[in-house]
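One structure below.
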Amino acid sequence: MSSPLGEFLDAHRSAELQRAARALLKEPLLLARGPQADSFRLVRRHAAELREWFDRNTGWPLRVDAESARLLRTPGTLADPTHPAREVSRSRAPFTRRRYVLLCLALAALERSEAQIALGRLAEQVVLDAADEQLAAAGLEFTLERRDERLDLAAVVRLLLHLGVLRRVAGDEDAYVSGSGDVLYDVERRVLAGLLAARRGPSLVTAAGFAERLAELTAETALDSDELRFRAIRYRLTRRLLDDPVLYYDELTDEELAYLTRQRAFLTSRITELTGLVAEVRAEGIAMVDPPGDLRPGGATYDLTDVRMPEQGTYGHVTLLLAEHLAAADGPVTEAALGAKVRELARQHAGFWAKSARQPGAEAELTGQALDRLTALGLVVRTAEGVVPRPALARYAVGEPVVRPVPDPRKAPEQ
């Protein structure tokens, strides 16, 4: 028989491992300093077990040293546009096409820079690189002559600060945007070197189209045996169960569906053991649900959900009400019809919604944000015909109320 102390230590270690895994899945790049220090120490303590689990189940390498922990995580679906890079600010605005280009140009400039660099100097190098003929042919221009361009560069730099690629030494980005000052940074080369999660260097990619280049950048080893093919399927399915809000069966190949049918219990139980996510299995697919912390094994912290449903506030309420409306729809619903529904809802809930949400014309932004959230959660699909509900949206449908008689407590129950 195991001793109570041994059982306690085993439970404590399992809970720690789960917190470390959740922290790493939430932030695949953790630094030894700053607000992530506690999470980094957990990951470093359990690095061997985490490395073995991710290598066996997802094929994601885990690199841990004295300064950082980096899970080289590639998404289960490469073409998913619903989880973009976002501003490191309260607005959390998604990156535009130009900001993505500036991010790549800034990383290239930092790779060639000294140990320290000023924002003005970084901007000059980015402007020079942005003059490339291929970028010009694609309609991208960056000259730093307009304030919105400097704001874009500042947003990119703040993301790099958040990731730990840069460390601010002196100055402020707002002063640079207004033209009244500059900023000096340390360049963290070890973090910069591990930022790209790819199977091969970009300079080795020869494909022309974006989708083809992305596929070549992340291509796995040649699958020349049944064992390697089955392993690749296990990787893809586990990645999607960890990454995607819902894994629908109709999105899988016949080979993937056959493997999932045979190995579903094994795959989901392994994920639950490591992360505390709970498998919700339906006829149309599987969702790995993140329960509240007090319901997770060991009470694990670190929420894994970057998009919540339901959510508090006006936008969250609009999203929930539109989800209920769409769940009852028989087919596609146009965005114009949904905007009209939001105007109607604004009148019904005027006392609870923010004043700005009740202004004329606000329904377009409210509808757009709600649909962005529902799409990111795999609950709807936007098509040329309109917004199409997906099967998982049925969990937000509201049925007709059922009135049950209340038993008279004075009467004895029938035997």
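Laboratory data are not the source of any read-out in this text; all were calculated from the coordinates shown. Not measured: the values here are computed from a predicted model. Positions of Cβ are generated from backbone atoms using ideal geometry, with glycine treated the same way; all protein chains shown enter the neighbour counts.
Structure above, values below:
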{"read-out": "Phi-based couplings in Hz for segment 345-356 (Karplus 6.51, -1.76, 1.60; Gly and Pro marked x)", "value": "5, 4, 5, 5, 10, 4, x, 10, 8, 4, 4, 4"}
{"read-out": "Candidate values [x] 32, 25, 21; [y] 42, 23, 20; [z] 39, 32, 24, label of the one derived for semi-axes √(5λ) of the Cα gyration tensor in Å", "value": "[z]"}
{"read-out": "Theoretical FRET efficiency, 1/(1+(r/R0)^6), r = Cβ-Cβ of Leu78 and Ala329, R0 35 Å, to 0.05", "value": "0.70"}
{"read-out": "Potential extension, Gln348-Arg146 segment - 0.36 nm per residue separation minus Cα distance", "value": "68.4 nm"}
{"read-out": "20 Å cut-off, amide nitrogen to a point 7 angstrom out along Asp65 Cα→Cβ, residues in segment 186-214", "value": "186-202"}
{"read-out": "Diffusion constant of segment 4-71 at 25 °C, which comes from Stokes-Einstein with the Kirkwood Cα-pair radius and 0.890 mPa s, µm²/s", "value": "202"}
{"read-out": "Where trypsin sites (Lys or Arg not before Pro) fall in DSSP loop in segment 62-99, at most 11 other Cβ within 10 Å", "value": "Arg90, Arg92"}
{"read-out": "Highest-fluctuation residue, Thr272, Thr221, Thr334 considered, GNM on the chain with Cα pairs under 10 Å", "value": "Thr221"}
{"read-out": "Length-normalised contact order of segment 4-71 in % [C-alpha pairs under 8 Å, at least 6 apart]", "value": "32"}
{"read-out": "For segment 1-132, size of Cβ-based charge dipole, Lys and Arg +1, Asp and Glu -1, in debye", "value": "360"}
{"read-out": "Computed FRET value (nearest 0.05) for Arg13 with Asp38, which takes r as the C-beta separation and R₀ as 25 Å", "value": "0.90"}
{"read-out": "The chain, relative contact order [Cα under 8 Å, separation at least 6], %", "value": "14"}
{"read-out": "Value at 222 nm in deg cm²/dmol, rounded to 500, when DSSP H runs of n ≥ 4 in the chain each add -39,500 (n - 2.57)", "value": "-15000 deg cm²/dmol"}
{"read-out": "Stretchable slack from Arg168 to Arg200, in nm (0.36 nm times residue separation minus alpha-carbon distance)", "value": "8.4 nm"}
{"read-out": "Amide H contacts of Leu252 (H built 1.01 Å from N, under 5 Å, at least 5 apart or other chain)", "value": "none"}
{"read-out": "Segment 80-127: GluC sites (Glu not before Pro) falling in loop per DSSP and having at most 11 other Cβ within 10 Å", "value": "Glu114"}
{"read-out": "Backbone HN-Hα couplings from phi across segment 272-281 [Karplus 6.51/-1.76/1.60, Hz, Gly and Pro as x]", "value": "4, 4, 7, 10, x, 5, 10, 6, 10, 9"}
{"read-out": "Most fluctuating residue given options Leu277, Leu252, Leu204, as computed from a GNM of the chain linking Cα atoms under 10 Å", "value": "Leu204"}
{"read-out": "Full-stretch length increase - Ala85, Arg264 - with 0.36 nm per residue and alpha-carbon distance subtracted", "value": "61.3 nm"}
{"read-out": "Net dipole in debye of the chain [+1 Lys, Arg Cβ; -1 Asp, Glu Cβ; about Cα centre; nearest 20]", "value": "900"}
{"read-out": "Spread of Cα-to-Cα distances over 10 Å intervals beginning at zero, given as percent, for segment 143-203", "value": "21, 41, 28, 9, 0"}
{"read-out": "Sites matching GluC sites (Glu not before Pro) across segment 356-396 that sit in DSSP coil, with at most 16 neighbouring C-beta atoms within 10 Å", "value": "Glu385"}
